[in-house]
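Let me begin by presenting the structure, written as C-alpha coordinates, before commenting on it.
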Amino acid sequence: MAGSDATTPEEYLAALPDDRRALVGSIRATILENLPAGIEEQVTHGMLGYVVPLEVFPDTYNGQPLSLLAVASQKNHVAVYLMGVYGDDAERDRFVDAWRATGRKLDMGRSCVRVKSLDDVAFGVLGDAVARVEADDLIAGHEAAHGR
(Lines give C-alpha, C1' and ligand atoms only; values in the text may rest on other atoms or scores of the structure.)
Protein backbone atom coordinates (compact mmCIF):
# COMPACT_ATOMS: atom_id res chain seq x y z
CA MET A 1 0.00 0.00 0.00
CA ALA A 2 2.96 2.35 0.41
CA GLY A 3 2.84 4.82 -2.42
CA SER A 4 -0.93 5.25 -2.33
CA ASP A 5 -2.56 7.53 -4.88
CA ALA A 6 -4.99 8.84 -2.23
CA THR A 7 -5.21 12.61 -1.91
CA THR A 8 -6.94 12.76 1.50
CA PRO A 9 -6.46 10.81 4.74
CA GLU A 10 -10.01 9.47 4.37
CA GLU A 11 -9.23 8.12 0.89
CA TYR A 12 -6.03 6.56 2.21
CA LEU A 13 -7.91 4.75 4.98
CA ALA A 14 -10.76 3.68 2.69
CA ALA A 15 -8.31 1.95 0.35
CA LEU A 16 -6.89 -0.26 3.12
CA PRO A 17 -8.08 -3.79 3.91
CA ASP A 18 -10.28 -3.93 7.04
CA ASP A 19 -7.56 -5.19 9.41
CA ARG A 20 -5.09 -2.55 8.27
CA ARG A 21 -7.77 0.16 8.34
CA ALA A 22 -8.42 -0.61 12.02
CA LEU A 23 -4.71 -0.51 12.88
CA VAL A 24 -3.87 2.61 10.86
CA GLY A 25 -7.08 4.28 12.03
CA SER A 26 -6.21 3.69 15.68
CA ILE A 27 -2.67 5.00 15.18
CA ARG A 28 -4.10 8.00 13.34
CA ALA A 29 -6.56 8.72 16.16
CA THR A 30 -3.72 8.70 18.70
CA ILE A 31 -1.68 11.04 16.52
CA LEU A 32 -4.57 13.46 16.00
CA GLU A 33 -5.33 13.51 19.75
CA ASN A 34 -1.73 14.55 20.47
CA LEU A 35 -0.88 16.64 17.42
CA PRO A 36 0.86 19.89 18.39
CA ALA A 37 -0.42 23.23 17.13
CA GLY A 38 1.02 24.15 13.76
CA ILE A 39 1.21 20.54 12.53
CA GLU A 40 -1.27 19.46 9.86
CA GLU A 41 -2.35 16.09 8.52
CA GLN A 42 -1.85 15.50 4.79
CA VAL A 43 -1.23 12.66 2.40
CA THR A 44 2.38 13.11 1.46
CA HIS A 45 4.70 10.75 -0.42
CA GLY A 46 1.80 8.28 -0.67
CA MET A 47 1.25 7.96 3.09
CA LEU A 48 -0.36 9.81 5.97
CA GLY A 49 1.91 12.69 6.87
CA TYR A 50 1.93 15.15 9.74
CA VAL A 51 3.79 18.25 8.69
CA VAL A 52 4.48 21.93 9.15
CA PRO A 53 2.60 23.19 6.08
CA LEU A 54 4.44 25.20 3.46
CA GLU A 55 2.10 28.11 4.16
CA VAL A 56 3.68 28.31 7.64
CA PHE A 57 7.28 27.50 6.67
CA PRO A 58 8.01 27.51 2.93
CA ASP A 59 11.82 27.74 3.14
CA THR A 60 12.62 24.01 3.11
CA TYR A 61 15.64 22.55 1.36
CA ASN A 62 13.50 20.40 -0.95
CA GLY A 63 10.30 22.42 -1.32
CA GLN A 64 8.36 19.84 0.73
CA PRO A 65 6.70 20.50 4.10
CA LEU A 66 8.74 19.71 7.22
CA SER A 67 7.60 16.33 8.51
CA LEU A 68 7.00 15.38 12.14
CA LEU A 69 5.90 11.84 11.35
CA ALA A 70 4.25 9.64 8.75
CA VAL A 71 2.23 6.42 8.77
CA ALA A 72 2.24 3.91 5.93
CA SER A 73 0.70 0.52 5.35
CA GLN A 74 3.55 -1.57 3.99
CA LYS A 75 3.41 -5.11 2.62
CA ASN A 76 4.05 -6.90 5.93
CA HIS A 77 3.49 -4.22 8.58
CA VAL A 78 2.38 -0.69 9.33
CA ALA A 79 5.28 1.73 9.59
CA VAL A 80 5.29 4.82 11.79
CA TYR A 81 8.13 7.13 10.76
CA LEU A 82 9.03 9.35 13.73
CA MET A 83 11.24 12.14 12.43
CA GLY A 84 11.03 13.96 15.77
CA VAL A 85 12.61 10.92 17.41
CA TYR A 86 15.06 10.30 14.55
CA GLY A 87 16.73 13.68 14.79
CA ASP A 88 17.29 13.77 18.56
CA ASP A 89 19.22 11.00 20.33
CA ALA A 90 17.82 11.93 23.76
CA GLU A 91 14.24 11.78 22.42
CA ARG A 92 14.99 8.47 20.72
CA ASP A 93 16.39 7.00 23.95
CA ARG A 94 13.39 8.29 25.88
CA PHE A 95 11.00 6.78 23.32
CA VAL A 96 12.75 3.39 23.25
CA ASP A 97 12.89 3.17 27.07
CA ALA A 98 9.24 4.16 27.45
CA TRP A 99 8.06 1.69 24.78
CA ARG A 100 10.04 -1.18 26.30
CA ALA A 101 8.69 -0.31 29.76
CA THR A 102 5.21 -1.17 28.47
CA GLY A 103 6.31 -4.76 27.88
CA ARG A 104 5.53 -4.54 24.18
CA LYS A 105 8.15 -5.66 21.69
CA LEU A 106 9.74 -2.75 19.84
CA ASP A 107 10.59 -3.37 16.19
CA MET A 108 12.35 -0.14 15.26
CA GLY A 109 14.90 1.12 12.80
CA ARG A 110 16.42 4.57 13.18
CA SER A 111 13.05 6.34 12.85
CA CYS A 112 10.64 3.62 11.72
CA VAL A 113 8.50 1.69 14.19
CA ARG A 114 7.00 -1.40 12.58
CA VAL A 115 3.77 -2.91 13.96
CA LYS A 116 1.50 -5.70 12.75
CA SER A 117 -1.44 -5.52 15.14
CA LEU A 118 -3.17 -3.26 17.65
CA ASP A 119 -1.54 -5.27 20.45
CA ASP A 120 1.91 -4.27 19.17
CA VAL A 121 1.32 -0.54 19.68
CA ALA A 122 2.21 1.36 22.85
CA PHE A 123 -0.36 4.06 22.14
CA GLY A 124 0.51 6.22 25.17
CA VAL A 125 4.19 6.26 24.23
CA LEU A 126 3.36 7.07 20.62
CA GLY A 127 1.05 9.90 21.68
CA ASP A 128 3.70 11.32 24.00
CA ALA A 129 6.31 11.24 21.22
CA VAL A 130 3.94 13.11 18.91
CA ALA A 131 3.09 15.76 21.52
CA ARG A 132 6.72 16.40 22.50
CA VAL A 133 7.83 18.00 19.20
CA GLU A 134 6.40 21.42 18.41
CA ALA A 135 6.31 22.98 14.94
CA ASP A 136 8.85 25.57 16.12
CA ASP A 137 11.21 22.71 17.12
CA LEU A 138 11.04 21.26 13.61
CA ILE A 139 11.66 24.65 12.03
CA ALA A 140 14.62 25.39 14.35
CA GLY A 141 16.10 21.96 13.67
CA HIS A 142 15.74 22.43 9.93
CA GLU A 143 17.35 25.86 10.03
CA ALA A 144 20.25 24.61 12.17
CA ALA A 145 20.85 21.63 9.87
CA HIS A 146 20.76 23.77 6.73
CA GLY A 147 22.69 26.79 7.98
CA ARG A 148 19.83 29.23 7.92
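The values are calculated or read from the model by the stated rules, or taken from the named source; none is laboratory data. Nothing here was measured: the structure is a model prediction, and the numbers come from that model. All Cβ positions, even for glycine, are placed from backbone atoms using ideal geometry, and neighbour counts span all protein chains on display.
When the stretch 75-100 is filtered for residues that are in a loop (DSSP other than H, G, I, E, B) and surrounded by 14 or more Cβ atoms within 10 Å (Cβ to Cβ), the ones remaining, listed by number, are 77, 87, 88. Can you confirm whether the stretch 62-80 contains a residue that is free of Cβ contacts under 8 Å to residues at least 12 places away in the same chain and either in contact with a Cys (Cβ under 7 Å, 6 or more places away or on another chain) or of a type in the set (A, V, I, L, M) (or both)? Among the residues of the stretch 62-80, not one is free of Cβ contacts under 8 Å to residues at least 12 places away in the same chain and either in contact with a Cys (Cβ under 7 Å, 6 or more places away or on another chain) or of a type in the set (A, V, I, L, M) (or both), which makes the answer no. Taking the stretch 34-57 as the range and being within 14 Å of residue 71 (Cβ to Cβ) and either without any contact (Cβ under 8 Å) to a residue 60 or more places away in the chain or in a helix (DSSP H, G or I) (or both) as the test, the residues that pass are 34, 41, 42, 43, 44, 45, 46, 47, 48, 49, 51. Return the residues of the stretch 114-137 that are under 17 Å from residue 92 (Cα atoms), among the aliphatic types (A, V, I, L, M) and out of contact with any Ser or Thr (no Cβ under 8 Å at 6 or more places or on another chain); say none if nothing qualifies. 129, 131, 133 - these are the residues of the stretch 114-137 that are under 17 Å from residue 92 (Cα atoms), among the aliphatic types (A, V, I, L, M) and out of contact with any Ser or Thr (no Cβ under 8 Å at 6 or more places or on another chain). Only residues that are touching a Lys or Arg at 6+ places or on another chain (Cβ under 9 Å) and touching a residue at least 60 places away in the same chain (Cβ under 8 Å) were counted across the stretch 130-148, and they come to 1. For residue 25, are the conditions met, namely being surrounded by fewer than 16 Cβ atoms within 10 Å (Cβ to Cβ), under 14 Å from the mean Cα position of the chain (by Cα) and not β-branched (Val, Ile, Thr)? So residue 25 fits the description; yes. Mind listing whichever residues of the stretch 101-123 are surrounded by 12 or more Cβ atoms within 10 Å (Cβ to Cβ), in a helix (DSSP H, G or I) and without any contact (Cβ under 8 Å) to a residue 24 or more places away in the chain? 120, the sole residue that qualifies. Yes or no: the stretch 132-142 includes at least one residue that is at pLDDT below 95, over 18 Å from residue 35 (Cβ atoms), in a loop (DSSP other than H, G, I, E, B) and not small (Gly, Ala, Ser). Within the stretch 132-142, not a single residue is at pLDDT below 95, over 18 Å from residue 35 (Cβ atoms), in a loop (DSSP other than H, G, I, E, B) and not small (Gly, Ala, Ser). So is residue 127 under 12 Å from the mean Cα position of the chain (by Cα), closer than 21 Å to residue 29 by Cβ, modelled with pLDDT of 90 or more and assigned to a helix (DSSP H, G or I) or not? It is true that residue 127 is under 12 Å from the mean Cα position of the chain (by Cα), closer than 21 Å to residue 29 by Cβ, modelled with pLDDT of 90 or more and assigned to a helix (DSSP H, G or I). Taking (1) at pLDDT 95 or above; (2) under 28 Å from residue 139 (Cβ atoms) in turn, residue 107 satisfies each apart from (2).
Restricting attention to the stretch 40-87, which residues are closer than 15 Å to residue 131 by Cα and polar (S, T, N, Q)? The answer is 67, and nothing else. Of everything in the stretch 30-59, what is aromatic (Phe, Trp, Tyr) and modelled with pLDDT of 95 or more? Give them in sequence order. Residue satisfying the conditions is 50 alone.
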